[in-house]
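Taking it in order: structure first as structure tokens, then the write-up.
The values are calculated or read from the model by the stated rules, or taken from the named source; none is laboratory data. Predicted, not measured: the structure shown is a model, and the values here were computed from it. All Cβ positions, even for glycine, are placed from backbone atoms using ideal geometry, and neighbour counts span all protein chains on display. These area figures cover heavy atoms from the full protein model, side chains too; ligands, DNA and RNA do not enter into them. Shrake-Rupley method; radii C 1.70, N 1.55, O 1.52, S 1.80 Å.
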Amino acid sequence: MITLITAIKPEANAVLAAFPMKKKDFSSFSLYESESGSLRLLITGSGKLSAAMAVTAYLTRYTPSADDLFCNLGICGGVSGEFIGNGYFCASLTEATTGKSLYPELYTHPFPEARLITSDVPVTDVSGYSEPLGNLPLLFDMEAYGVASALFHSMMPSRCFFYKVVSDACNGSFPSAEDVTGLLRPHLTPLLSFLSEKEIQFRKETDRFVEIQNHVTSLKNTIIRDYSFSTTMERRLKTLLTYAISVGFSEQELLSGLPAPTGSPHKKREALAFLQSLERAVLSPQQETLLPAFPVAKKMLRPFRHIYVEESVLHHPVTKDLAERFSHSSLIPIRHYKDVFNRSRQDLHAQETEPALILAANRGTKFYPGAPVCQSFGEEHFMYTSCIMNCLYDCDYCYLQGMYPSRTVVIFVNLDDYFKELNTLLTKHPVYLCCSYDSDLTALCGILPHAEAFCRYALSHPNLRLELRTKSAALPFIKALPAAKNIVIAFTLSPQEIITRYEHYTPSLHARLLTAKEAAARGFSLRLCFDPVLDVPDAPELYTALIDEVFQVLQPEDITDISLGVFRLSKDYLKQLKKAKPLCALSHYPYELTDGVCHYRSARCNELLQAVTDALHRHHISDEKLFFWTPGESEEGASYVTE
Ligand code: SF4
């Protein structure tokens, strides 16, 4: 369903002339509906307050589905006569008196963009708005902010559009009712055709997920009819079934060979036996396929169409440089990065392929003690820093998707403040610093100075040991930097099958290895990270083959040390990951839980790590070079992840 929202009758008349609709409701708002029921027109009355109240009343009476689309359509003022007749999607909506802004999420669309200011009275003098912040035209209306504040309470900002056609130059002369209708009319066909396409696209994405959910629910209901499952066991059953279906088990494969109910009075015991058998079948190393039930479409990365810039860093050299590099992007000034980054109901799926960028200053904590799920490599003062949040790569298992509410990449440009604080820390004790955990800094070295700046700082501070972890293959970067042993270039390596399936946009294994070889040859410390090792079908064989491939390029003496660890994630992050990647098998694996950390069974962890260790030993890597992460407690201490 698409709902168009206009303020006044002359705007609505343009819609009604193009798309015949019947009156449906006249109460606190006027509502029309097309015969098929797929298009509605809501008339709110003019002014921000009327708009907010009418939209709120409408949403209360007609509860929308998550995939319904809304478009606030209407006329607006522009800063000069040259814009009259042009139509724009609004990338930001600002309330004139408070300066508060809301940000619709815009992904691939064919329309020009603008920033809109909603005022309580018609704007007839734009001289106060002459400071050119950003590169989008400025528009003025009286409703959009009210519509947005009502819609964003329950709808995703990516399902709400604000399309404004310039009708006057904010000079006190206003168009007639006929002119308003005439101005909007030519915009309706392209706008509605775009909205219809979007609606189909959103529905397809939801349908794939709903298909799995329905399949799981029907299977689960069939099974629990014959057994007596507790609520916890039922949840575990759902997790196992979701995982099994997402890795490609057919219903028949899944259920054949499992114990049938015997009609004994010990129904709970039978249910437990069934659950254990199902788990063994689902996690059997004999699974034959790595392919998910639903093939993953090749994804195109289209980054940074929107660049949000905190007003305080609008004139920073990094901002200027990026604005030039991405001259076709919309530059949108913001007060604080959290206004965009922490929005509710963000479209994480769309952000995977079209991440926006935020340029900001970090005024808070810059250095943190290393987390228990990360390895310290025996270093006493293990710290990490986050000068970029989020990554251009898109690994399906990445903890960042569980940690952040957004896939938008935040770049803190005030590196000088980081180094000042680091100077102070280094006067107290040596520091082992990981600066590339919450992003892959090296992957961004072509457009950002961050990776190089940290390396150059380490060159002149020998009591700093710097780890730069990466999946990139940035050979020119490695070749251009002066090398030093206190700079550890740490390459995360995975079997090519896993890279292709789960590590989207990352360079191939071979390209990473060639870059690692160069890093070692130039005199950097070289760390290899087989972390996370994933429990996929045939994992021991895949990882053994990976090690063999590594030593076709590298010599044991090239390598300073090696990190090994199985996949693990905090329970809360996993919950969020399931929302971000609902179709990925890794999100639904039947993990166990120890101290809030989800992980594989201890026996499986040991089996996987042993396979990698044995392979490394065969290539003459000694135990002193190996650092492990394993679950902190024995299997007895672990419980199930049930949601
Ligand atoms: S490269 Fe690292 S930080 Fe980037 S998405 Fe993959 S796991 Fe996350």
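The conditions of being open to solvent by less than 10 Å² (accessible area, probe 1.4 Å), at pLDDT below 95 and not assigned by TED's automatic domain parsing to the domain that holds Leu69 are not met by Cys455. Taken over the stretch 145-189, residues that are among the basic types (Lys, Arg) and more than 14 Å from Ile5 (Cβ to Cβ) amount to 1. Does the stretch 485-499 contain at least one residue that is open to solvent by less than 30 Å² (accessible area, probe 1.4 Å), assigned to a helix (DSSP H, G or I) and within 16 Å of the ligand (Cβ to nearest atom)? Yes: one or more hits. Which count do you get for residues in the stretch 433-456 that are closer than 19 Å to Gln375 by Cβ, aliphatic (A, V, I, L, M) and within 16 Å of the ligand (Cβ to nearest atom)? Qualifying residue count, the stretch 433-456: 1. One residue stands out among those in the stretch 79-99 that are touching a Phe, Trp or Tyr at 6+ places or on another chain (Cβ under 8 Å) and either of a type in the set (Lys, Arg) or in contact (Cβ under 8 Å) with a residue 60 or more places away in the chain (or both): the one that is surrounded by the most Cβ atoms within 10 Å (Cβ to Cβ), which is Cys90.
Looking at the structure I just gave you, is Pro112 under 13 Å from Gly87 (Cα atoms) and open to solvent by 50 Å² or more (accessible area, probe 1.4 Å)? Taking the combined requirement at face value, the residue satisfies it. Here Ile478 meets the list (1) within 16 Å of the ligand (Cβ to nearest atom); (2) crowded, with 17+ Cβ neighbours inside 10 Å; (3) more than 22 Å from Val431 (Cβ to Cβ) almost entirely, failing just condition (1). On the stretch given as the stretch 506-554, residues that are assigned to a helix (DSSP H, G or I) and of a type in the set (Asp, Glu) total 4.
Could you run through the stretch 51-78 and say how many residues are open to solvent by less than 40 Å² (accessible area, probe 1.4 Å) and not in a strand (DSSP E or B)?
The total comes to 10.
Within 16 Å of the ligand (Cβ to nearest atom) and farther than 25 Å from Phe454 by Cα: does that describe Gln346? It is false that Gln346 is within 16 Å of the ligand (Cβ to nearest atom) and farther than 25 Å from Phe454 by Cα.
Tyr502 satisfies every condition listed in (1) without any contact (Cβ under 8 Å) to a residue 40 or more places away in the chain; (2) within 16 Å of the ligand (Cβ to nearest atom) except (1). Residues in the stretch 505-516 that are surrounded by 23 or more Cβ atoms within 10 Å (Cβ to Cβ) and within 26 Å of the chain's Cα centre (by Cα) were compared, and the one that is farthest from the ligand (Cβ to nearest atom) is Leu509. Considering Ala545, Ala519, the condition of being in contact with a strand residue (DSSP E or B) (Cβ under 6 Å, 6 or more places away or on another chain), at pLDDT 95 or above and away from the ligand (no atom under 16 Å from the Cβ) is satisfied by Ala519 alone. When the stretch 420-454 is limited to residues that are of a type in the set (Phe, Trp, Tyr) and under 12 Å from Leu466 (Cβ atoms), the one that is nearest to the chain's Cα centre (by Cα) turns out to be Phe454. Mind checking whether some residue in the stretch 621-629 is more than 27 Å from Tyr404 (Cα to Cα), in a strand (DSSP E or B) and either modelled with pLDDT of 90 or more or not basic (Lys, Arg) (or both)? Yes, the conditions are met somewhere in the stretch 621-629.
Surrounded by 18 or more Cβ atoms within 10 Å (Cβ to Cβ) and either β-branched (Val, Ile, Thr) or farther than 24 Å from Tyr103 by Cβ (or both) - does that describe any residue in the stretch 153-166? So far as the stretch 153-166 goes, yes, one or more of its residues are surrounded by 18 or more Cβ atoms within 10 Å (Cβ to Cβ) and either β-branched (Val, Ile, Thr) or farther than 24 Å from Tyr103 by Cβ (or both).
Residues of the stretch 457-475 that are away from the ligand (no atom under 16 Å from the Cβ), basic (Lys, Arg) and part of a loop (DSSP other than H, G, I, E, B): none at all.
Against the definition (free of Cβ contacts under 8 Å to residues at least 12 places away in the same chain, assigned by TED's automatic domain parsing to the domain that holds Met142 and either farther than 28 Å from Lys100 by Cβ or not in a loop (DSSP other than H, G, I, E, B) (or both)), how does Glu11 come out, yes or no? Against the criterion (free of Cβ contacts under 8 Å to residues at least 12 places away in the same chain, assigned by TED's automatic domain parsing to the domain that holds Met142 and either farther than 28 Å from Lys100 by Cβ or not in a loop (DSSP other than H, G, I, E, B) (or both)), Glu11 does not qualify. Residue count for the stretch 355-386 under the criterion of being in a loop (DSSP other than H, G, I, E, B), open to solvent by less than 20 Å² (accessible area, probe 1.4 Å) and of a type in the set (A, V, I, L, M): the result is 2. The set of residues from the stretch 308-354 being over 28 Å from Thr506 (Cα atoms), touching a helix residue (DSSP H, G or I) at 6+ places or on another chain (Cβ under 7 Å) and open to solvent by 40 Å² or more (accessible area, probe 1.4 Å) comprises just one member, Arg335. On inspection, Asp572 passes the criterion of being under 22 Å from the mean Cα position of the chain (by Cα) and away from the ligand (no atom under 14 Å from the Cβ).
For the stretch 388-412, the set of residues classified as more than 15 Å from Asp572 (Cβ to Cβ), more than 7 Å from the ligand (Cβ to nearest atom) and not in a loop (DSSP other than H, G, I, E, B) consists of Ile388, Met389, Val409, Val410, Ile411, Phe412, listed by residue number. The sole residue among Tyr145, Tyr129, Tyr62 that is under 22 Å from Arg335 (Cβ atoms), assigned by TED's automatic domain parsing to the domain that holds His187 and at pLDDT below 95 is Tyr129.
In the stretch 408-419, the qualifying residues are those that are in contact (Cβ under 8 Å) with a residue 40 or more places away in the chain and open to solvent by less than 30 Å² (accessible area, probe 1.4 Å), and the one that is farthest from the chain's Cα centre (by Cα) is Tyr418.
A Cβ distance below 8 Å, combined with a sequence gap of six or more or placement on separate chains, defines the contacts here; from the stretch 380-407, residues that are touching a residue at least 24 places away in the same chain (Cβ under 8 Å) reach residues that are near the ligand (Cβ under 10 Å from one of its atoms) and β-branched (Val, Ile, Thr) in the pairs Tyr393/Thr506; Cys395/Thr506. In the set (1) buried (at least 17 other Cβ atoms within 10 Å of the Cβ); (2) outside any loop (DSSP other than H, G, I, E, B), the condition left unmet by Gly128 is number (1).
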